[in-house]
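Computed from the coordinates by the stated procedures, all read-outs in this text should not be read as laboratory data. Predicted model, so just to flag it, every value in this text is computed and none were measured. All Cβ positions, glycine included, derive from the backbone under ideal geometry; neighbour counts span all protein chains shown.
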Amino acid sequence: MNINKKLSEILNIKESQIEKTIALMDEGNTIPFIARYRKEVTGNLTDEVLRELETNLNYLRNLETRKEEVISSIEKQEKMTDELMSQIQASETLKEVEDIYRPYKQKKQTRATKAKEKGLEPLSNFILTWKDGNELIEEKAKEFLTEEVETVEDAINGAKDIIAELISDTTVFRNILRRDAERAGVLVSEKAKIDESQEEEAKVFENYFEFEEKITKLPSHRILAINRGEKLGFLKVGIKLLDEDNIFQIAISIQKHKFYDSYKYIFEAAEDGYKRLLFPSVENEIRAELTEKAESQAINVFAENLKPYLMQAPIKGTVVMGLDPGYRTGCKLVVVSETGELLHDTVIYPAKPKEDINGSIKVMKTLIEKYGVGLITIGNGTASRETEAVVSKMINENEFSKKVFYTIVNESGASIYSASKVGIAEFPDKDVTVRGAVSIARRIQDPLAELVKIEPKHIGVGQYQHDVNQGKLSETLGNVVEDCVNTVGVNLNTASPSLLLYVSGINAKVSQNIIDYKLENGKFTSRDQLKKVKGLGPKTFVQAAGFLRIPESENPLDNTAVHPESYKIAKQIMDRDLDNINIKEVSEELNVGELTLKDIIEELKKPGRDPREDMPKPILRADVLSIDDLEVGMELKGTVRNVVDFGAFVDIGVKNDGLVHISEISDKFIKHPSEVLKVSDIVKVKIINIDKARHKVGLSMKGLK
């Protein structure tokens, strides 16, 4: 297979671009580096396209490796033919290769292998080719009687076992069944037998107790929900087909003349092979494919949600009070400085059972005035809305030296951080609850810098993330974090080890060496100093330098995304009228690519610009809403908290997020909510239904601008 040509077809990219980009990857260049600093070579491929190219390249290379392994195995068995070789070489998927290889695989003991060991394979071949009466087959079977094969019936049954396995291993028959299942198969789910004690827990899956749906129409979230119910033992799941038609089709394709008496044995073998081997095998394959597609969709949704969440606009230069609400153990309160340093921590009890509202307000008022707090962040977990009501009451009933607002923050992963090595290293003398509150406070100051300290899968912007392949999930989300970190850039002198880990080319060891170097020598004053860090060689320097910023450097270029390899170019155009540069002429004059030149000019116009500044700022509130304040038809502004297959959850300021169903997102037809919405978007919504008993609010965006 010509891999470059195949990738060109898959991605709709010129073959020359593919070839050059693969060469860059094979040289060890990272995706962020290639996307940012090798645009001329790749033809300006984005990091998303480069990731897709890398994934497909790895798959195709693995496919070619597997073909070689299969060919080698079949040749060792001395069963290779020209036709078989052509089939293997022409295969375009791993599944096709495995289907071809199936009859040649070394099997564990099966009924067929046992029959072969008893010498019954010639009898099975005789039945497959015989075109006369049964008597001769039975006569033939007598030739195979031994101590292990005592009767004619035993001999024929053994032969049928061999035929049954042959049918199961035949690619043509597997493809017939696959096509039938993919076209007309129905996924059936029913309630499993469970203990009475499990009934309440099983109710979550009651929609699937008597459920049938065509495979072609199953949405990914439904597949994952059914899988979860099955895994927990509450559901029994299978695929339904017209079995009789398939058995007949298999039998008649082997023995075209039904009136031949040998057809009876072939039909019986086909029925056994179908029900015992072929159908269960293909059913497992199809369900695995459905799960893989559903997981892929869920991982993509998570990744699409994660990027805007990480790229939220930071609120800089503000002292923040962070509140991690709770009931019995109280609400953990911290104050952090403009740069995120912990200034104060305590506990207040604004919610039940103590419900010390006046005492809690007194503590908050004192700390707000003492430290000049401008913003209060409240974690969105337990007792969040009760705490919010007290904060709102305090803000509206008191005058402060400067205006104070509050906002609700997604606290997912804060408890993970608080008990992690990273959290312990930052605050070794503080309780886990204090660390969690600090995380909640810092998330508004610099979401990206704080959230990288948590494994991405623990950031709650996904769907069924605990039910998908954890390796693929971690890899995909890790790539998203890496792309975000390198898009924004990292202040070398303030970056945590967790943040440095995601910088292009830097691994855990080099990250720690950078921290150690700063402790020994003080702040970095130039990018060139990086070359003195142990383990950071020339190759790593090239990959990382452009993404690391040094505001303290005497060279202003060290605080931009201009790569050191382009400093000479930057200095030559620095004093020109950047708004009126003729890109084509200057590109030729300085022997630099036009795309690189444009990037340098943009950096010189806005040195150190943070791309997150273009993102919507979070909604800051002073008043609180309850579900009793809402009315159908009311229009509100809200923040998109999560985007899933069936809609989007929007925080409108009440206890639970409202749901905008996919059918209510746009006036036009959309296949997925992500076509219109992303996490952290600020949107206008209209209330279309209220269920006070279940605290659910239905929202619509139709007709609103």
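Measure out, as a whole number of angstrom, how far apart the alpha-carbon centroids of region 356-435 and region 472-550 sit.
Computed from Cα coordinates, the inter-centre distance equals 31 Å.
Cross-link candidates for LYS352: which aspartates and glutamates have Cα within less than 15 Å, leaving aside residues fewer than 8 places away along the same chain?
ASP324, GLU386, GLU388
Counting other Cβ atoms within 10 Å, keep those with at most 16, restrict to DSSP loop, and tell me which trypsin sites (Lys or Arg not before Pro) in region 352-400 are left.
Working: sites: LYS354, LYS362, LYS365, LYS370, ARG385, LYS393; in loops: LYS354.
For trypsin sites (Lys or Arg not before Pro) across region 352-400 that sit outside H, G, I, E and B with at most 16 neighbouring Cβ atoms in 10 Å, the list reads LYS354.
Using 0.36 nm per residue, how much length does the chain from LYS702 to GLU92 gain when fully extended, once their Cα-Cα distance is taken away? Don't skip to the answer; put the middle values down first.
Working: separation 610, 0.36 × 610 = 219.60 nm, distance 4.42 nm.
Working it through step by step, the gained length comes to 215.2 nm.
Beyond a 23 Å Cα-Cα separation, which of these cross-linked pairs lie in this structure: LYS214/LYS668; LYS472/LYS617; LYS316/LYS509; LYS105/LYS472; LYS105/LYS214; LYS307/LYS457? Don't jump to the answer; show the numbers that get you there.
Values: LYS214/LYS668 26 Å; LYS472/LYS617 31 Å; LYS316/LYS509 30 Å; LYS105/LYS472 28 Å; LYS105/LYS214 33 Å; LYS307/LYS457 13 Å.
Among LYS214/LYS668; LYS472/LYS617; LYS316/LYS509; LYS105/LYS472; LYS105/LYS214; LYS307/LYS457, the Cα-Cα distance tops 23 Å for LYS214/LYS668; LYS472/LYS617; LYS316/LYS509; LYS105/LYS472; LYS105/LYS214.
Say R0 is 41 Å: what FRET efficiency, to the nearest 0.05, do GLN512 and ASN591 get from their beta-carbon distance? Display every interim value, and only then the final one.
Working: r = 39 Å, r/R0 = 0.96.
Efficiency, from the Cβ-Cβ distance: 0.55.
Kindly provide the helix-only [θ] at 222 nm of the chain, computed as the sum of -39,500 (n - 2.57) over DSSP H runs of four or more divided by all residues, to the nearest 500 deg cm²/dmol? Provide the component values of the computation, followed by the final result.
On the way: 30 runs with 337 residues, N = 705.
After summing the helix terms and dividing by residue count, I get -14500 deg cm²/dmol.
Subtract the Cα-Cα distance of ASP528 and LYS421 from 0.36 nm times their separation in residues, and report this length gain in nm to one decimal.
Working: separation 107, 0.36 × 107 = 38.52 nm, distance 3.10 nm.
Extra length available between ASP528 and LYS421 comes to 35.4 nm.
Which value in nm describes the separation of the simple spin-label points at MET634 and LYS472, placed 7 Å from the Cα toward the beta carbon?
4.2
What length, rounded to one decimal in nm, is gained on full extension from SER296 through to ASN396, with 0.36 nm per residue of separation minus their alpha-carbon distance?
Numbers: separation 100, 0.36 × 100 = 36.00 nm, distance 4.70 nm.
Result: 31.3 nm gained on full extension.
Averaged over all directions, how much area does the convex hull of the C-alpha atoms of region 591-665 cover when projected, in nm²? Before the final figure, lay out the partial values.
Working: hull surface 36.1 nm².
Averaged projected area of region 591-665's Cα convex hull equals 9.0 nm².
Quick one: putting +1 on the C-beta of Lys and Arg, -1 on the C-beta of Asp and Glu, what dipole do you get for region 582-677 around its Cα centre, in Debye to the nearest 20? Don't skip to the answer; put the middle values down first.
Working: 13 positive and 21 negative charges, 28 e Å.
Dipole of region 582-677, to the nearest 20 debye: 140 debye.
Counting only Cα atoms, I'd like the Rg/Rh figure for region 138-232, Kirkwood definition for Rh. Each step should come with its number before you reach the end.
Values: Rg = 22.3 Å, Rh = 17.6 Å.
Rg/Rh: 1.27.
Mind putting a number on the dipole of the chain about its Cα centre? Charges go on the C-beta only, +1 for Lys and Arg and -1 for Asp and Glu, and I need it in Debye to the nearest 20. Intermediate values should be presented prior to the final figure.
Numbers: 101 positive and 117 negative charges, 428 e Å.
That gives the chain a dipole magnitude of about 2060 debye.
Select from the chain the helices, each a whole stretch of DSSP H, whose alpha-carbon atoms run 30 Å or more along the helix axis and whose Kyte-Doolittle mean is at least -1.0; answer none if there are none. Write down the numbers at each step before the final one.
Details: long enough: 47-76 (44 Å, -0.92); 279-310 (45 Å, -0.39).
The qualifying helices are 47-76, 279-310.
In region 320-445, if the dipole is taken from +1 on Lys/Arg beta carbons and -1 on Asp/Glu beta carbons about the Cα centre, which of MET394, SER412, VAL336 is farthest to the positive end?
It is SER412.
In region 334-433, which chymotrypsin sites (Phe, Trp or Tyr not before Pro) are in a loop and have at most 16 other Cβ atoms within 10 Å, using DSSP for the loop call?
Working: sites: TYR371, PHE400, PHE405, TYR406, TYR417; in loops: PHE400.
Within region 334-433, the qualifying chymotrypsin sites (Phe, Trp or Tyr not before Pro) (loop, at most 16 other Cβ atoms within 10 Å) are PHE400.
What are the semi-axes of the equivalent ellipsoid of region 489-559, taken as the square roots of 5 times the eigenvalues of the Cα gyration tensor, listed largest first and rounded to whole Å?
Details: eigenvalues 50, 35, 28 Å².
After diagonalising the Cα gyration tensor, the semi-axes are 16, 13, 12 Å.
Volume per residue, Å³, of the convex hull around the alpha-carbon atoms of region 575-635? List each step's numbers first, then the result.
On the way: hull volume 10.8 nm³, N = 61.
Enclosed volume per residue, from the Cα hull, is 177 Å³.
Mind checking the alpha-carbon convex hull of the chain and giving the volume per residue in Å³?
240
At 7 Å along Cα-to-Cβ for each site, give me the label-to-label distance between THR216 and ASN56 in nm.
According to this spin-label approximation, the distance is 2.6 nm.
Would you please name the trypsin sites (Lys or Arg not before Pro) within region 285-322 that are DSSP coil residues with at most 16 other C-beta atoms within 10 Å of their C-beta?
Values: sites: ARG287, LYS293, LYS316; in loops: LYS316.
Those satisfying the criteria are LYS316.
Roughly how many debye, to the nearest 20, is the charge dipole of region 529-616 about its Cα centre, given +1 on each Lys and Arg Cβ, -1 on each Asp and Glu Cβ, and no other charges? Don't skip to the answer; put the middle values down first.
Details: 14 positive and 17 negative charges, 121 e Å.
Dipole of region 529-616, to the nearest 20 debye: 580 debye.
Rg to Rh for region 320-445: what is it, with Cα atoms only and Rh by Kirkwood?
Working: Rg = 13.4 Å, Rh = 14.2 Å.
Rg/Rh: 0.94.
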